[in-house]
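Structure first, commentary second.
The values are calculated or read from the model by the stated rules, or taken from the named source; none is laboratory data. Not measured: the values here are computed from a predicted model. All Cβ positions, even for glycine, are placed from backbone atoms using ideal geometry, and neighbour counts span all protein chains on display. These area figures cover heavy atoms from the full protein model, side chains too; ligands, DNA and RNA do not enter into them. Shrake-Rupley method; radii C 1.70, N 1.55, O 1.52, S 1.80 Å.
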Amino acid sequence: MSYDTRFPKMRVARSCRNFEAIKRFYCDGLGFSLLGSFKGHNGFDGLIIGHPNAPYHLEFTKEQGITAPKAPDEEGLLVFYLPDKTEWQKRVDMMRNAGYEPVQSNNTYWDVDGITFEDPDGYRVVLQNRAWSN
């Protein structure tokens with residue numbers, strides 16, 4: 001799959017508390033891949049997680065000697081739109097099979113056609129069974 005090069009690719013980067021817990025949530029639960037990692041880069045260690053052909057990556061970092069805070073509130077969301085019901089259900093089942101249970105969304109809009117899960121740092125991921133719309 002190729003992407004229009006006129007539009008930038010995106011990396012969402014944030015600190016995390018526990019690499020193994022984050023890797024398990026995003027890779028085992030959501031089915032992402034570990035695309036890369038680094039140690040000691042300007043005082044940071046990191047994981048780069050995503051899908052090899054997707055136009056985005058998630059970067060999780062740990063600053064050496066610093067403990068990252070938990071999410072400041074329940075509105076720190078990543079929303080993934082999965083319009084195909086079968087693919088959406090597959091992802092929901094993967095999360096549950098990995099031991100993650102849905103949480104009530106703070107904004108009930110996301111509960112209409114989606115399911116919300118909370119990652120180990122308190123940030124939330126919504127699996128939305130709806131097509132992306134502007």
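Tabulated values for the structure
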| quantity | calculated |
| --- | --- |
| Check on G40, surrounded by fewer than 15 Cβ atoms within 10 Å (Cβ to Cβ) and either modelled with pLDDT of 95 or more or touching a helix residue (DSSP H, G or I) at 6+ places or on another chain (Cβ under 7 Å) (or both) | no |
| Subset of region 43-53 that is touching a Phe, Trp or Tyr at 6+ places or on another chain (Cβ under 9 Å) and either closer than 25 Å to Q89 by Cβ or of a type outside the set (D, E) (or both) - its residue that is most open to solvent (accessible area, probe 1.4 Å) | N53 |
| Positions within region 105-125 being assigned to a helix (DSSP H, G or I), surrounded by fewer than 18 Cβ atoms within 10 Å (Cβ to Cβ) and not β-branched (V, I, T), in sequence order | Y109, D111 |
| Selection within region 88-104 - open to solvent by less than 50 Å² (accessible area, probe 1.4 Å) and of a type outside the set (A, V, I, L, M, F, W, C) | R91, Y100, P102 |
| Enumerated strands (runs of 3 or more DSSP E) restricted to region 4-86, each holding at least 3 residues that are free of Cβ contacts under 8 Å to residues at least 40 places away in the same chain and under 12 Å from the mean Cα position of the chain (by Cα) | 44-50 |
| Criterion (within 29 Å of R130 (Cα to Cα), among the aromatic types (F, W, Y) and exposed (fewer than 11 other Cβ atoms within 10 Å of the Cβ)) met by exactly one of F7, F60, F25, F80 | F7 |
| The one condition in (1) within 21 Å of D28 (Cβ to Cβ); (2) aliphatic (A, V, I, L, M); (3) free of Cβ contacts under 8 Å to residues at least 60 places away in the same chain that V112 fails to fulfil | (1) |
